[in-house]
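S.K.: Please see the structure below; I have some questions.
The values are calculated or read from the model by the stated rules, or taken from the named source; none is laboratory data. Nothing here was measured: the structure is a model prediction, and the numbers come from that model. With ideal geometry, Cβ positions are generated from the backbone for all residues, glycine too; neighbour counts draw on all protein chains shown. The accessibility values were calculated without ligands, DNA or RNA, using every heavy atom of the protein model including side chains. Shrake-Rupley method; radii C 1.70, N 1.55, O 1.52, S 1.80 Å.
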Amino acid sequence: MSYLKFDKNLLINLDQSLPKEILRTNKAGAYHCTTVIGCNTRKQHGLLVIPIKEMNDDNFVLLSSLDETVIQHGAPFNLGIHRYRNGVYSPNGHKYLREFNCDTVPRLTYRVGGVILTKEKVFVAHENRILIKYTLIEAHSPTTLQFQPFLAFRNAASLCTQNTQLDSSYEETENGVSFCLYKGFPRLYLQFNHKPEFVYEPHWYNGIEYIKDLAREEPFSEDLWVPGYFQLPIKKGESIIFSASTEPAKPRGFAATFEKESQDRTPRTSFFNCLKNSAKQCYLKDGDKNYLLAGYPWFKIIARDLFVSLPGTTLAIDHRQDFEKIMATAEEALAKYMETGESDKTIKGIDLPDIPLWACWTINQYYKFCGAADTLKNYGKLLANLINFVLEGKQKNLYINDEGMLSTNGTIRPVTWMDVETAEGKPLLARTGFIVEFNALWYNALMFGITLFKDQDNKPEHYDKWEATVAKLKEAFVRTFLNDYGYLYDFVDGNYMDLSVRPNMIIAAGCDFSPLDRVQRKRILDIVTRELLTPMGLRTLSPKSYGYNPFFVGNNRERINSYFNGPTRPWLSGFYTDAYLKVFGHSGVAFLRRMLIGYEDDMTKECVGSLSELYDGNPPYNGHGAISFAPSIGEVLRALYVLNSFDI
């Protein structure tokens, strides 16, 4: 039985099918994203969405959608679907759907009378090219297919309106045509593996609506340009392959390319394989540089998210080489920043105060997967440089006191992962002073460095200072953060101690080297389990704390106020798993397995086969934010790996 499969009853029910999205990427920044029935519900949806470096760092929707029409005996049956003004859906092609299957590549099966037609999609790796394969399974009379391309040529964060600046001309290419609607955009080549008839019949389709944007109280209506349609006959058992790309290609190679790309996919036949597939979709190669994208459809490469995600999205799925390739690019950026103070143009936020701490944690994870010898060889120098960079007070906006404690100023600009800003550009949560996870990660980095180098004859510079700092830091950490209620203050700024029950304390309890003893860890775990744990991760704020707001809904202001005040984050499950096993050992395995079942339930919700950035803090725990988020994917994968390894 297929793992990711939906039948007719679900597909024709728009309330059930429209919330389900699918994502395919080319591992170079481009993607295809829509709902399982092909109706776009947000402005970022599109059949071909690509970055255009020559313009800016954003993504751009070139081809919004492609409407297919089956013609028999002169009667047309349009398989497309769009939402127009006043909630009208047209042409209601979803009523012909019989099945959606996504075990290898997304495949839709349509039935129109005696016609059975399948539609499969692949995104070609490292090319701005999507291929769609149509196969006529059954037909009792001559059949013709028509294809209408809906063109956008716009920023993925904006919308298109009918205008006179559009260049409506086209050029013929082999088995197709090409367009470039506006200056500065690449040409879009629309081709088929068989020669079609192209009928130039341009129209604007006005008032197409996106219900996700409508719900967010953002602009939600646009006009799309349709230049005409392609038409070609198809025989029973025959396949027609459509290609949309920024470069022309030889149509005779479409079938072989489609087959190769299909075989390269991880079969999504299990929870683990779904996450593995999603992890690999976040890989990004740009020339000789390798990165990890934070998530789709709007995130770019973010330093903190990269280091949090990297172990799970590579090492936990047996992709060590990818870890080392991505880490090599990140190491170059870190070295440049430490030497010159210059931030990287691609890896955003590498200058934030906690980035060296997260980088050390990532190397710590590599050590657990690959051993001391390879860690010393590949990352020993980097680890020592990162520790000394912090120890010598060279990291911007990170200060070390006589007890080895780190402090930062978070009142002007957000400096932690809880980085939401108000409309005025100020931190909504001004976490400032001594931050709990900063100091936990710092203690972990020092202890890991000491452990790694202790048996080496040639110790790094300032190694003795590492030992002296750690000796003071452990006591200072406990004295600063542990309160009489048994949990940790989220941050301490002078005489102010933040009593909010937030999940950042689980990082202190979950680190391999923690300043907390087992009893203290257990008390923290008890509170986190009781007040923050949900089937979809840890809440960002306890329901008992002031300001709890569990639902990430409404307009931008309402969502900003909710963002870190109740909704859950799956990525924290990695640290929760680490902490739980350190406290309870084998007796905690069964509980953790039950905890992870909640994530498996999400494989058929929201983005099919992936995990969202955040979920509501209260039932039914709907997903929000980025529909496929690398930290969520990576840390759940790492939690699975840790759990399975512990259970052996």
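S.K.: Past 19 Å, Cα to Cα: identify those pairs from 119/250; 43/212; 5/260; 260/280, in the order given.
M.R.: In this structure, 119/250; 5/260 lie more than 19 Å apart at Cα.
S.K.: Another question, then. Just the Kirkwood number for the range 123-170, please: inverse of mean 1/r across all distinct Cα pairs, in Å, one decimal.
M.R.: Here the Kirkwood hydrodynamic radius works out to 15.3 Å.
S.K.: In whole angstrom, and with the biggest value first, how far do the Cα coordinates of the range 171-250 range along each principal axis?
M.R.: For the range 171-250, the Cα spread along each principal axis is 45, 36, 22 Å.
S.K.: Here is a further query. Using a simple charge model, +1 on the beta-carbon of Lys and Arg, -1 on the beta-carbon of Asp and Glu, nothing else, what dipole does the range 23-77 show about its Cα centre, in debye to the nearest 20?
M.R.: Value, rounded to 20: 180 debye.
S.K.: To continue, here is another question. Please determine, in degrees from 0 to 90 and to the nearest 10, the orientation of helix 518-531 with respect to the longest principal axis defined by the Cα atoms of the chain, where the helix direction is its Cα long axis.
M.R.: 40
S.K.: Also, quick follow-up: Å³ per residue of the Cα convex hull, for the range 134-222?
M.R.: Value for the range 134-222: 158 Å³ per residue.
S.K.: Right, here's the next one. What is the Cα centroid distance between the range 10-83 and the range 616-636, reported in whole angstrom?
M.R.: Computed from Cα coordinates, the inter-centre distance equals 22 Å.
S.K.: Is the C-alpha gyration tensor of the range 249-406 telling us rounded, prolate or oblate? Criteria: a/c under 1.5 is rounded; beyond that, a/b larger than b/c is prolate, otherwise oblate.
M.R.: prolate
S.K.: DSSP loop (so not H, G, I, E, B), at most 16 other Cβ within 10 Å: list which GluC sites (Glu not before Pro) in the range 1-79 pass both filters.
M.R.: 54
S.K.: Right, next: Quick check for me: using +1 on Lys/Arg Cβ and -1 on Asp/Glu Cβ, what's the dipole size of the chain about its Cα centre, in debye to the nearest 20?
M.R.: In debye, rounded to 20, the chain gives about 1120.
S.K.: State the percentage of accessible surface on the chain attributable to carbon and sulfur atoms; use a 1.4 Å probe and exclude ligands, DNA and RNA.
M.R.: 49
S.K.: Tell me the Rg and the Dmax, in Å, that the Cα atoms of the range 267-319 produce.
M.R.: 11.3, 33
S.K.: Hey, another quick one. Towards the positive end of the charge dipole of the chain, with charges on Cβ (+1 Lys, Arg; -1 Asp, Glu), say which of 16, 39, 401 has the farthest Cα.
M.R.: Positive-most Cα among the choices belongs to 16.
S.K.: Still on this structure, please answer the following. Could you state the angle between the C-alpha long axis of helix 355-370 and the longest principal axis of the C-alpha atoms of the chain, as a value from 0 to 90 degrees rounded to the nearest 10?
M.R.: That works out to roughly 80 degrees.
S.K.: Within the set of other residues whose C-beta is less than 13 Å from the C-beta of residue 78, count the net charge using Lys and Arg as +1 and Asp and Glu as -1.
M.R.: -1
S.K.: Report the local net charge at residue 149: Lys and Arg +1, Asp and Glu -1, summed over other residues whose C-beta lies under 11 Å from its C-beta.
M.R.: Local charge sum for residue 149: -2.
S.K.: Let me ask something additional. Enumerate the amide H contacts of residue 82 below 5 Å, restricted to partners 5 or more residues apart or on another chain; note that Pro and chain-start residues carry no placed amide H.
M.R.: 90, 92
S.K.: May I pose another question? Using the Kirkwood formula over every pair of different C-alpha atoms, what hydrodynamic radius in Å results for the chain?
M.R.: Hydrodynamic radius (Kirkwood, Cα only) of the chain equals 26.2 Å.
S.K.: Enter the angle in degrees (range 0 to 90, nearest 10) between the Cα long axis of helix 271-281 and the first principal axis of the Cα atoms of the chain, meaning the one along which they spread out most.
M.R.: That works out to roughly 80 degrees.
S.K.: Moving on. Let me see the pair-distance distribution of the range 315-457: every alpha carbon pair, 5 Å bin width, integer percents in order.
M.R.: 2, 9, 18, 20, 20, 16, 9, 4, 1, 0, 0
S.K.: With an 8 Å Cα cut-off and a minimum separation of 6 or more residues, compute the relative contact order for the range 83-165 in percent.
M.R.: Relative CO of the range 83-165 lands at 16 percent.
S.K.: Would you kindly compute the Cα radius of gyration of the range 451-514 and its largest Cα-Cα separation (Dmax), both in Å?
M.R.: Final numbers for Rg and Dmax: 15.3, 46 Å.
S.K.: Just the number please: accessible area per residue for the range 74-190, 1.4 Å probe, all protein chains included, in Å².
M.R.: I get 40 Å² per residue for the range 74-190.
S.K.: Rounded to whole Å and sorted largest first, list the principal axis extents of the Cα atoms in the range 523-632.
M.R.: 45, 35, 21
S.K.: Which one, 227, 214, 283, projects farthest toward the positive side of the charge dipole computed for the range 189-337 from Cβ point charges (K/R +1, D/E -1)?
M.R.: Farthest towards the positive end: 283.
S.K.: Okay, moving on. Can you tell me the Rg and the Dmax, both Å, for the Cα atoms in the range 453-584?
M.R.: Here Rg and the maximum Cα pair distance are 17.5, 60 Å.
S.K.: Chymotrypsin sites (Phe, Trp or Tyr not before Pro) within the range 457-490: which are DSSP loop residues with at most 16 other Cβ atoms inside 10 Å?
M.R.: 485
S.K.: With viscosity set to 1.002 mPa s and temperature to 20 °C, compute the Stokes-Einstein D of the range 31-116, Rh being the Kirkwood radius across alpha carbon pairs; µm²/s, no decimals.
M.R.: In µm²/s, the coefficient rounds to 146.
S.K.: With charges set only on the Cβ (+1 for Lys and Arg, -1 for Asp and Glu), what does the dipole of the range 286-391 come to about its Cα centre, in debye to the nearest 20?
M.R.: 120
S.K.: Where in the range 106-130 is the amide nitrogen less than 17 Å from a point lying 7 Å along the Cα-to-Cβ axis of residue 140?
M.R.: Zone members listed by number: 111-117.
S.K.: Please give me the summed charge of the neighbours of residue 325: other residues whose Cβ is under 14 Å from its Cβ, Lys and Arg +1, Asp and Glu -1.
M.R.: Net local charge, residue 325 excluded: -1.
S.K.: Show that you can apply the helix-only estimate: for the chain, add -39,500 (n - 2.57) for every DSSP H stretch of four or more residues, divide by all residues, and state [θ] at 222 nm to the nearest 500.
M.R.: Theoretical 222 nm ellipticity from helices: -10000 deg cm²/dmol.
S.K.: To make sure I understand the rule: partners must be lysines, Cα under 23 Å from the Cα of residue 465, and not fewer than 8 residues away in the same chain. Which ones qualify?
M.R.: Of all the lysines, those that pass the test against residue 465 - Cα under 23 Å, at least 8 places apart if same chain - are 377, 381, 394, 396, 454, 474.
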